[in-house]
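Peer 1: The structure's right below; bear with me while I get my questions together.
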């Protein structure tokens, strides 16, 4: 199964929180408490989003973070690429600031094959990530909802799931 990194997952949670509260800035602590996210990692994620122009931070008693990017123009692909940025000057990281070719933005643990089903899957996956806009994931009233039966299936014990894991006993 393809999975998002924890950093991307936490970034989506933070963006969702901020999208629901456009009238005021939210602190990292507020977001961390609301979603049970590790505060130190969340601060790094928020600073990374600020560095890449997604968020604006304000200091002070009423300070915090606000969304400044157009979420209709920012894709899930963009967010994943940003979350891969190690924030070290001069290092190629895959983020939008260091790459022009979209397929080079994300690092791959294996060399890309020039043909075959894996190449086709990778192309479709990149296309999907580029087509899903952050507004579709975080804006109230526009979120892509997970069907209830999918949520219940994920919580069911492995023995009750329709498809057993390939390594389980038959």
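The values are calculated or read from the model by the stated rules, or taken from the named source; none is laboratory data. Keep in mind that what you see is a predicted model, and the values were worked out from it rather than measured. Cβ: placed from backbone, ideal geometry, glycine included. Neighbour counts: every protein chain shown.
Peer 1: Can we say residue 97 is under 23 Å from residue 27 (Cα atoms), at pLDDT below 60 and in a loop (DSSP other than H, G, I, E, B)?
Peer 2: Criteria not met by residue 97.
Peer 1: Please state which of the following conditions residue 64 fails to meet, knowing it meets all the rest: (1) crowded, with 20+ Cβ neighbours inside 10 Å; (2) more than 15 Å from the chain's Cα centre (by Cα); (3) farther than 20 Å from residue 139 by Cα.
Peer 2: Condition (3) is where residue 64 drops out.
Peer 1: Next up: What number goes with the only condition from (1) assigned to a helix (DSSP H, G or I); (2) at pLDDT below 85; (3) buried (at least 20 other Cβ atoms within 10 Å of the Cβ) that residue 79 does not pass?
Peer 2: (2)
Peer 1: List the pairs whose first member sits in segment 118-143 and is over 12 Å from residue 12 (Cα atoms), whose second member is modelled with pLDDT of 85 or more and in a loop (DSSP other than H, G, I, E, B), and whose Cβ atoms are under 6 Å apart, counting only residues at least 6 apart or on separate chains?
Peer 2: Cβ pairs passing all conditions: none.
Peer 1: While we're here: Working only within segment 19-41, note down all residues that are under 20 Å from residue 80 (Cα atoms) and touching a residue at least 60 places away in the same chain (Cβ under 8 Å).
Peer 2: 19
Peer 1: Something else: Residues of segment 1-20 being more than 16 Å from residue 41 (Cβ to Cβ) and surrounded by fewer than 18 Cβ atoms within 10 Å (Cβ to Cβ), which ones? Outline the logic, then answer.
Peer 2: Restricting attention to segment 1-20, the residues satisfying the condition of being more than 16 Å from residue 41 (Cβ to Cβ) are 1-3, 16, 18-20.
Those that are more than 16 Å from residue 41 (Cβ to Cβ) and surrounded by fewer than 18 Cβ atoms within 10 Å (Cβ to Cβ): 1, 2, 3, 20.
Peer 1: Are any residues in segment 25-38 touching a strand residue (DSSP E or B) at 6+ places or on another chain (Cβ under 8 Å) and in a loop (DSSP other than H, G, I, E, B), and if so, which ones?
Peer 2: Within segment 25-38, 25, 27 meet the criteria.
Conditions tested, residue by residue: (1) in a loop (DSSP other than H, G, I, E, B); (2) closer than 30 Å to residue 118 by Cα.
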| position | (1), (2) |
| --- | --- |
| 7 | no, yes |
| 19 | no, no |
| 23 | yes, no |
| 40 | no, no |
| 48 | no, no |
| 53 | yes, no |
| 65 | no, no |
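Peer 1: Would a scan of segment 125-132 turn up a residue that is modelled with pLDDT under 80, farther than 22 Å from residue 41 by Cα and either more than 17 Å from the chain's Cα centre (by Cα) or surrounded by 11 or more Cβ atoms within 10 Å (Cβ to Cβ) (or both)?
Peer 2: No: segment 125-132 contains no residue that is modelled with pLDDT under 80, farther than 22 Å from residue 41 by Cα and either more than 17 Å from the chain's Cα centre (by Cα) or surrounded by 11 or more Cβ atoms within 10 Å (Cβ to Cβ) (or both).
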